[in-house]
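The values are calculated or read from the model by the stated rules, or taken from the named source; none is laboratory data. What you are looking at is a predicted structure, and each value in this text was computed from that prediction instead of being measured. Here Cβ is always computed from backbone atoms with ideal geometry, including for glycine, and neighbour counts include all displayed protein chains. These area figures cover heavy atoms from the full protein model, side chains too; ligands, DNA and RNA do not enter into them. Shrake-Rupley method; radii C 1.70, N 1.55, O 1.52, S 1.80 Å.
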Amino acid sequence: MPDVLLTVLRLIFLALVYLFLWQVARSISDHLGLRWQRETRRRGTRVVVIRSDTQAGLDFTVRDAVVLGRSPEADIELADPYASEFHLRLVSRDGRLVLTDLGSTNGTYVNGRRVTAPVELNRGDAIQVGKTVMEVK
Amino acid sequence: MTRLLEATLLVGAAAIAAFGVTLVNLATGTGVDAQVGLTFFVFLLAFGAVHVALRTFAPRSVPYLLPPAALLAALSFVEIYRISPFRAGLQRWWLLIAAAGAVLVLAVLHRTGTVLLRRYRFTLFGVTLLLLAAPLIPSDAPGPIRGLEANGSRLWVVADMGFIELHFQPGEVAKLAFVAFLAAYLADRISLTGTRRRLGRWSIPEPRQIFPLVAVWALSSLVLVSQRDLGAATLLFAVVVAMLYAATAERVFLWAGGVLAGGGAVSAYVLFAHVQRRVEAWLDPFADFEGTGYQIAQGVFALGSGSLAGAGPGLGRPDLIPNAITDFIFAAVGEELGFAGTVAVIASYAVVVAVGFGIALRARDRYRKLLAAGLTFAFGFQTFLILAGVLRILPLTGISLPFMSYGGSSLVGNFALVALLARISHEETA
């Protein structure tokens, strides 16, 4: 057995061991949502309107803070008669997205539960305002 | 999705083991033989069986425990094969038996869950004591089960089955039974808002809460005296201190534990010659190179000569280290796979420990929290003890390295430990 070949083979062996560990580490970081969090920090979080009479498909990105409401002065204007003028606020900080209800008349629902205190959102959460449903991407 | 990844990684670990055996074959010039295929097949069968059992009996468990364990088993198997092909053949059988044990644990807990262990806590305590005492049965006792003394410590039991003699270390399984008992005991007894008593300017928990600590300290001293097993005694005591602290968040347990351990260590040093020898070999292995220091010195040489990437499987001389396939398997890995190999080993242990504590943090009731934390701590601390001994951070205590040391009892115990952790994680993601 030529020594060179053996040396190459044993380096491949070590490389395989580290490839294995890398896969374990990466899947754990995915599991904990670390990668999502890192990318979110850089790019902001995208929110898509998935159900609405007129605004389905509308999407926007939260980088710092965004206020949603029926008022034309809101950052995102909701065309929903059940929404308040300034209905809720979304704040993105350190890769985390926090929703605060701004004392709306008809309330905000996250995954079907009414929001009473600021709540942290995760990917896939559904936000409902009146008849409008949005999803965190 | 992640289960699929687990399956893929387990196949990968089997391939790494087989590849390593191939390298040993090539390097030693024996020619690639049936050992390669056999190793791949046995790893696949053993870890595949546990994987299927997880899918069947605990489908929501985390998939990150088994792959690092498989990697550890694969790396150590290569070294065991390199040092003693005969022992490697036996180790393959042990892998299969240990995997069967893990499947059994998962199957038994399938319907009731870990609550079953809580229900039988005092049975488990009895089992712990029996297992710890078993090696003390006289070697010439009538009957099929006898104790055995090896390397100056009395931790073996021989079961004479007539046609074959089975050797095992009951301590490896006693560890699990003891943690399960302790988790149930503490979950029952110690309330989080324990009443406190004033002692001068300190406020301390009720004395009866510290009582178990003292009791176990006495018990572990007894193990130390009767079996001359430094490792088991240290582990036993550390597990209790850690679990008391985990249950109460009272720092007084850490202080009291430290003081008792320190006192115990000093008196052990003064009283026992074998402890003195261990300490002297640790401080200066080269003072008595041919005698007490030989093992540690050879281990240090092995790690040093391994350098960055190691000599290569089959190309070093790990066979020069006494007990290279049991206590000193880490030094053997260091010699042939180098610093890179040892870092991979430590990283794998770190993953298991981190995932284990993650399970404990997520567990919803106190019993499961304590069980997961205790099992993880025992696993991690045992690893630390023996690695620290090999690396000369602490005196050598002579305890097996989980998933790596040659030997059936250790594999059976640690496979069962991982199965229990997986089961707890399954119960918490309902």
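At-a-glance table
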read-out: Output for the stretch B:67-88, where each listed residue is hydrophobic (A, V, I, L, M, F, W, C) and open to solvent by less than 10 Å² (accessible area, probe 1.4 Å); value: B:A69, B:A70, B:L71, B:L72, B:A73, B:A74, B:L75, B:F77, B:V78, B:I80, B:A88
read-out: Residue check for B:D288: surrounded by fewer than 17 Cβ atoms within 10 Å (Cβ to Cβ), closer than 22 Å to B:L23 by Cβ and more than 13 Å from every other protein chain (Cβ to nearest Cβ); value: no
read-out: Qualifying residue in the stretch A:39-48 (condition: more than 11 Å from every other protein chain (Cβ to nearest Cβ), in contact (Cβ under 8 Å) with a residue 12 or more places away in the chain and touching a Leu at 6+ places or on another chain (Cβ under 6 Å)); value: yes
read-out: Breaking point among (1) over 17 Å from A:V62 (Cα atoms); (2) hydroxyl-bearing (S, T, Y); (3) crowded, with 17+ Cβ neighbours inside 10 Å, for A:Y109; value: (3)
read-out: Candidates B:A247, B:A302, filtered to the one that is modelled with pLDDT of 90 or more and assigned to a helix (DSSP H, G or I); value: B:A302
read-out: Selection within the stretch B:106-146 - open to solvent by 40 Å² or more (accessible area, probe 1.4 Å), of a type in the set (S, T, N, Q) and in a helix (DSSP H, G or I); value: B:T112, B:T123
read-out: Test set (1) within 19 Å of the chain's Cα centre (by Cα); (2) within 14 Å of chain B (Cβ to nearest Cβ); (3) farther than 28 Å from B:T2 by Cα - A:L11 fails condition number; value: (1)
read-out: Search result, residues across the stretch A:26-60 that are over 26 Å from A:T105 (Cβ atoms), β-branched (V, I, T) and modelled with pLDDT of 85 or more; value: A:I28
read-out: Leading residue by the ranking (farthest from the other protein chains (Cβ to nearest Cβ)) among those in the stretch B:36-66 that are within 12 Å of B:R92 (Cβ to Cβ) and either buried (at least 23 other Cβ atoms within 10 Å of the Cβ) or modelled with pLDDT under 90 (or both); value: B:A46
read-out: Filtered residues of the stretch B:16-33 (kept if within 24 Å of the chain's Cα centre (by Cα) and facing chain A (nearest Cβ under 10 Å)); value: B:I16, B:G20
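This table checks each residue for (1) open to solvent by less than 20 Å² (accessible area, probe 1.4 Å); (2) more than 19 Å from A:R93 (Cβ to Cβ).
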site	(1), (2)
A:F13	yes, yes
A:F20	yes, yes
A:L34	no, no
A:V49	yes, yes
A:Q55	no, yes
A:T61	no, no
A:V66	yes, no
A:S71	yes, yes
